[in-house]
1. Suppose we keep just the DSSP beta bridges with both residues in the chain; what percent of those would be antiparallel, to 5?
2. Using only the alpha-carbon atoms, how far is helix 297-308 inclined from the longest principal axis of the chain? Give it as 0 to 90 degrees, nearest 10.
3. How would you classify region 273-343 from its alpha-carbon gyration tensor, with a ≥ b ≥ c the square roots of the eigenvalues: rounded for a/c under 1.5, else prolate if a/b is greater than b/c, otherwise oblate?
4. Which of the aspartates and glutamates could a cross-linker span from Lys270 if the Cα-Cα distance has to be under 13 Å and same-chain partners fewer than 8 positions apart are dropped?
5. Identify the GluC sites (Glu not before Pro) of region 15-59 meeting these criteria: DSSP loop state and at most 11 other C-beta atoms within 10 Å of the C-beta.
6. At what distance in nm do the modelled label points of Asn75 and Ala44 sit from each other, each positioned 7 Å from its Cα along Cα→Cβ?
7. Assuming a ≥ b ≥ c are the square roots of the Cα gyration tensor eigenvalues, decide whether the chain counts as rounded (a/c under 1.5), prolate (otherwise, with a/b larger than b/c) or oblate.
8. Among DSSP bridges having both ends in region 181-325, what percentage is antiparallel? Round to the nearest 5.
Amino acid sequence: MASSEHCGKTMVVLNQYKSYGLPSVAEWYAANGGEVRLLYISEAPKPGFLSKKRLLCEWAKAFFKWAVQPLTFRNRVVYCISAQLPFMLICRLAGPALGNCRVYFHNFYLHELGRKPLVKRILKFLLADSRFTILTQSEGEIGYYRALSSKVNLKFIPFCSDFTPVASTHPKPTGLPDSYVFTGGYTNRDYPLMFRLAGRFPDRHFVFVASSLNAIECPPSLTNVTLMRDLPKDQFEAVLTGAEVVIVPLREDVGASGQMLAVSAARNAKPVVYTDLSVINYFFSDGAGIPYSLGDLDSLAAGLQALLSDPDLRERCGRKALERSRNFTMDAQLPLLRDVMGI
């Protein structure tokens, strides 16, 4: 194990589900002589998507499970990839009892909550701790958190995934047209903009995959849109794989599923039109996709038209997207995490 301030310390991993196992950086730490403890909220995920009410219940469960064992975290390396807000509160309440622990928060997303004044006031209290490091997955988040706290440490690490495409022969749901434009996802999607886009292209078919939690309905006048909900992962990707063009239409500069869709499209060598935001634009540099301005129907339509009208451009964008995606694997992420965490 490399020499560092953390050598010889126990790493505590905080995750949502036991069934998820250890993240790659913890596996590396254990393989190189470190001790790793996994603490989790629940044994395994239940069917369906977490509503806001269920998420709050999970957070409350995490707080009470972890708050009763502060010595578990004392003088240790803590890698928190779930229930970040409850654990921030535990740390602030426990104070000196945690000693010289170092806490690394990863996959921490606020979405539209981050704009609320009350949330910002709460975060100012929670983040006033020099033991904390937030591993942001977009450079745009750094300014947001720095404005809330001068103590918290901030490091940008690109979103990475070992997402592997399904076989091209995997059957997609029946009833879909041979050619269509695809978008999907359950958070941070500008579906109203996509419906307006479909209205601009009445001769093209569009397939959108959303969640039952998304409060959206397709306007009856749009007969060229198929709206599907709650597809399993393999079917979701099978629909994506069959698309002529993929659009990643984000509503705001935060990641999570928007980043997963971007990587999924790139690994499938799909030509992509994407919202030009810091959370995903690094996936598509060097001509690997076509950007459009946030919420701008005209630039979105222009990007889509450019791809639909030029097969060579579609092929080049898809090929470059696949090449770029190889920079965002877990093997690529591991040395970045090790460097930030000093292990």
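1. Numbers: 1 of 39 bridges.
Given both bridge residues lie in the chain, the antiparallel proportion sits at roughly 5 percent.
2. So the helix axis and the longest Cα principal axis differ by about 70 degrees.
3. Values: a/c = 5.50, a/b = 1.92, b/c = 2.87.
Note, shape of region 273-343 comes out oblate.
4. Within reach: Glu237, Glu244, Asp312, Glu315, Glu323.
5. Details: sites: Glu27, Glu35, Glu43, Glu58; in loops: Glu35, Glu43.
Here the GluC sites (Glu not before Pro) that fit, given the DSSP loop and packing criteria, are Glu43.
6. Rounded to a tenth, the inter-label distance reads 3.9 nm.
7. Numbers: a/c = 2.00, a/b = 1.81, b/c = 1.10.
Because a/c hits 1.5 or more and a/b exceeds b/c, the chain counts as prolate.
8. On the way: 1 of 18 bridges.
Percentage antiparallel, nearest 5: 5.
Here, each number is a calculation from the coordinates, and none is a lab measurement. Keep in mind it's a predicted model, so treat the numbers as computed, not measured. When we count neighbours, we look across all protein chains shown, and the Cβ atoms used for this are built from the backbone with ideal geometry, even at glycine.
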